[in-house]
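The values are calculated or read from the model by the stated rules, or taken from the named source; none is laboratory data. Quick caveat, the model's predicted, so the values are computed rather than measured. Note that we place each Cβ from the backbone using ideal geometry, even for glycine, and neighbour counts take in every protein chain shown.
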């Protein structure tokens with residue numbers, strides 16, 4: 001099991017955010033976390049990765065308790081709306097190439113395959129023509145796309161994305177979904193936080209719906225979303241998920 005969370009409880013000060021949540025994710029499986037703002041989606045992601053402590057329950061990564069897990073190079077994580085610049089004068093290509101470092105033999109230079117994967121990742125998020133630009137000069141949405149490309153370039157065994165597509169416009173949605181699907185077919189597990197599935201609906205195996213810190217739905221997308229009143233293939237939902245930023 002790639003992610004195995006059982007009876008997770010998380011609280012901040014006097015507020016309970018997760019209330020006995022279970023989440024399981026297998027190799028080659030794609031799961032979408034859905035729910036209204038404040039339902040606990042981002043907190044569940046962070047708890048699954050050990051970024052916030054559990055006040056109850058257990059969590060494992062790759063069948064290893066979080067406290068003992070060390071294989072962080074196997075995980076590609078795109079947090080919610082985090083700037084990629086960070087004041088460092090790096091180009092877009094340099095930041096995305098950092099995703100290949102764990103796969104390379106340091107200090108040897110990047111191989112042709114590394115450069116190809118970086119180029120494909122940039123193309124998938126619509127930044128193929130911005131490789132030489134400084135990340136600090138990009139908009140917030142474009143910086144988010146750089147982080148997506150960096151995670152994709154790492155070819156991880158687990159890809160976790162917290163509402164990553166807010167900065168990716170509709171013209172590049174199919175490229176992104178295609179590359180995400182390719183990683184899944186290679187055995188990568190995908191955990192995606194979203195308000196709507198949009199173009200990635202075709203690769204999602206299960207939807208987990210949260211409300212007020214609890215799981216209120218878990219199953220095949222059409223079954224879960226129809227019961228919740230969502231429509232994963234609706235054109236308006238498609239456009240909304242991929243709005244430009």
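Data table
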{"read-out": "Within the stretch 6-43, tally of residues that are surrounded by 19 or more Cβ atoms within 10 Å (Cβ to Cβ) and on the phi > 0 side of the Ramachandran plot", "value": "2"}
{"read-out": "Residue satisfying condition, being in contact with a strand residue (DSSP E or B) (Cβ under 8 Å, 6 or more places away or on another chain), within 23 Å of residue 224 (Cα to Cα) and without any contact (Cβ under 8 Å) to a residue 60 or more places away in the chain, within set 21, 5", "value": "5"}
{"read-out": "Qualifying residue in the stretch 22-44 (condition: over 18 Å from the mean Cα position of the chain (by Cα) and part of a strand (DSSP E or B))", "value": "yes"}
{"read-out": "Filter result (over 18 Å from the mean Cα position of the chain (by Cα) and closer than 21 Å to residue 158 by Cα) within the stretch 2-21", "value": "6, 8, 21"}
{"read-out": "Selected residue [in contact with a helix residue (DSSP H, G or I) (Cβ under 6 Å, 6 or more places away or on another chain) and in a loop (DSSP other than H, G, I, E, B)] from 52, 17, 5", "value": "52"}
{"read-out": "Flag for residue 159 being over 30 Å from residue 94 (Cβ atoms), buried (at least 24 other Cβ atoms within 10 Å of the Cβ) and at pLDDT 85 or above", "value": "no"}
{"read-out": "Among residues of the stretch 75-98, those that are at pLDDT below 90 and crowded, with 20+ Cβ neighbours inside 10 Å, counted", "value": "2"}
{"read-out": "Matching residues, the stretch 119-141, being surrounded by 16 or more Cβ atoms within 10 Å (Cβ to Cβ) and without any contact (Cβ under 8 Å) to a residue 40 or more places away in the chain", "value": "119, 122, 127, 128, 130"}
